[in-house]
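Trainee: I have a structure here, written as C-alpha cells, and I will follow up with some questions on it.
Throughout, read-outs are computed from the coordinates displayed, never taken from laboratory work. Since the structure is predicted, the reported quantities are computational estimates derived from the model, not experimental observations. FYI the Cβ positions are ideal-geometry reconstructions off the backbone, even for glycines, and counts take in every protein chain you see.
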Amino acid sequence: MDFECGDVGAWTEALSAYDTRLQSLQKPDLLPLDAFYRTELPLLLRRREPHPFLSRTELRRLVQWKLSRGKWRPRLLDFVSSLDENLVESASTKAFAALPDLSKAVSELTVLKGVGPATASAVLAAYAPDVAPFMSDEAMMAALGNSKEYTLKQYLAFAEKLQSKAKELSIDGDCFTSSDVERALWSSAAGSVSVTSSNDDLKTGTKRSIKRKRKS
C-alpha cells in the first residue's frame, strides 16, 4: 500500500483483510490477543472513566500482542512482568489524562521499564484510536520510510501523518481513525510478504521438479 494512495476503496479493502492477514501468520495465540487488544481492553478502559488506567496484567497482555504481531523480544515481557502494579496504574492514569497531548502522554508511560514509545503508542491507541496510532514497523516504513527510530520525536511525526491520512480518507460516509490507517498499512505489508513467500515456495518447488526430471 502506497501511503500517498487516495483511493478509499483500496484502503478499505486492506483494512478489511486485516483479520485474514493475522490468521495467515499461523500464530495461535495472536488471534485471542488481538481480540483482547482491539475489543476487550478499550471497553475496560472506557468503563473506568473518568480516570481510566491499565493494570500490570493488561499491560503484559498488550505487550504480548505487540510482540506476537511483530518481532518477539522476550526481555520486554520480563521487564513489564516485574513492574510494580501501583506504578503501572499511576503512569497509565496520567498518560490517558494527558491526551490529546501525545508528547506528554507518551512521556508519562515511558517512565516504566520496558515501555518505550512504541509500546506507549499501543497503550494510547487502545484508548484513543483516533489520536494515537500504534507505532508498528510496517506503518512507520510506509509513512516515513524508516522503521528503526523509535523515539518520541519520530512518533509525533508518524502520528501526525496518520491523523492527516485518516481525515483525508474519511469522506462520503467512510470513517477512518489513525489506528485504522495503521492496521490497513500493516495488513497490506503482511499481504505483500505472504505473496512473496508463496512465489518463493513456487520457485523452489519448480526448481526441485526440474532437478528430479534431470536425474530421471
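Trainee: Would you mind checking the radius of gyration and Dmax of the chain based on alpha-carbon positions, in Å?
Mentor: Every Cα atom of the chain included, Rg and Dmax give 19.3, 74 Å.
Trainee: Relative contact order of segment 26-104, please, whole-number percent, based on alpha carbon pairs below 8 angstrom and at least 6 residues apart.
Mentor: Values: 53 pairs, mean separation 28.3, N = 79.
For segment 26-104, the relative contact order is 36 percent.
Trainee: Where does the chain land at 222 nm, in deg cm²/dmol rounded to the nearest 500, when only DSSP H runs of n ≥ 4 count, each adding -39500 (n - 2.57), divided by all residues? All intermediate terms of the calculation are to be shown ahead of the outcome.
Mentor: Numbers: 12 runs with 148 residues, N = 216.
The helix contribution divided over the chain gives -21500 deg cm²/dmol.
Trainee: Only counting other Cβ atoms within 10 Å, I'd like R183, R46 sorted with the fewest neighbours first. Show your work: numbers first, answer last.
Mentor: Details: R183 26, R46 10.
Listing R183, R46 from fewest to most nearby Cβ atoms yields R46, R183.
Trainee: Right, here's the next one. Please compute the Kirkwood hydrodynamic radius over segment 1-68, one decimal place, Å, based on all pairs of different Cα atoms. Don't jump to the answer; show the numbers that get you there.
Mentor: Details: mean 1/r = 0.0715 Å⁻¹.
Here the Kirkwood hydrodynamic radius works out to 14.0 Å.
Trainee: Mind checking which aspartates and glutamates have their C-alpha under 14 Å from K167, skipping anything on the same chain fewer than 8 residues away?
Mentor: Answer for K167, where 14 Å is the Cα cut-off: E4, D7, D130, D180, E182, listed by chain and number.
Trainee: Before anything else, pin down the relative contact order of segment 89-139: Cα pairs under 8 Å, at least 6 apart, normalised by residue count, whole percent. List each step's numbers first, then the result.
Mentor: Numbers: 55 pairs, mean separation 13.7, N = 51.
RCO, segment 89-139: 27 percent.
Trainee: Beyond a 22 Å Cα-Cα separation, which of these cross-linked pairs lie in this structure: K113/K153; K71/K165; K71/K94; K27/K66?
Mentor: Values: K113/K153 19 Å; K71/K165 26 Å; K71/K94 28 Å; K27/K66 13 Å.
Distance filter (> 22 Å) returns K71/K165; K71/K94.
Trainee: Near P28, within a Cβ-to-Cβ distance under 14 Å, what is the net charge of the other residues, with Lys and Arg +1 and Asp and Glu -1? Numbers along the way, then the final one.
Mentor: On the way: positive: K27, R69; negative: D29, D34.
Counting the neighbours of P28, the net charge comes to 0.
Trainee: What number, in percent, do you get for the relative contact order of the chain if the mean sequence gap of Cα pairs under 8 Å and at least 6 apart is divided by its residue count? Don't skip to the answer; put the middle values down first.
Mentor: Details: 251 pairs, mean separation 47.2, N = 216.
RCO, the chain: 22 percent.
Trainee: How about segment 50-108: which trypsin sites (Lys or Arg not before Pro) there lie in a loop by DSSP and see at most 12 other Cβ atoms within 10 Å? All intermediate terms of the calculation are to be shown ahead of the outcome.
Mentor: Values: sites: R56, R60, R61, K66, R69, K71, R75, K94, K104; in loops: K71.
Answer by residue number: K71.
Trainee: If you stretched the chain out fully between D101 and Q23, how much longer would it get, using 0.36 nm times the residue separation minus the C-alpha to C-alpha distance?
Mentor: Numbers: separation 78, 0.36 × 78 = 28.08 nm, distance 3.46 nm.
Here the segment from D101 to Q23 would lengthen by 24.6 nm.
Trainee: Turning to a different aspect of this structure: Checking the cross-link filter: which aspartates and glutamates have an alpha carbon closer than 14 Å to that of K148, excluding same-chain neighbours under 8 positions apart?
Mentor: D137, E138
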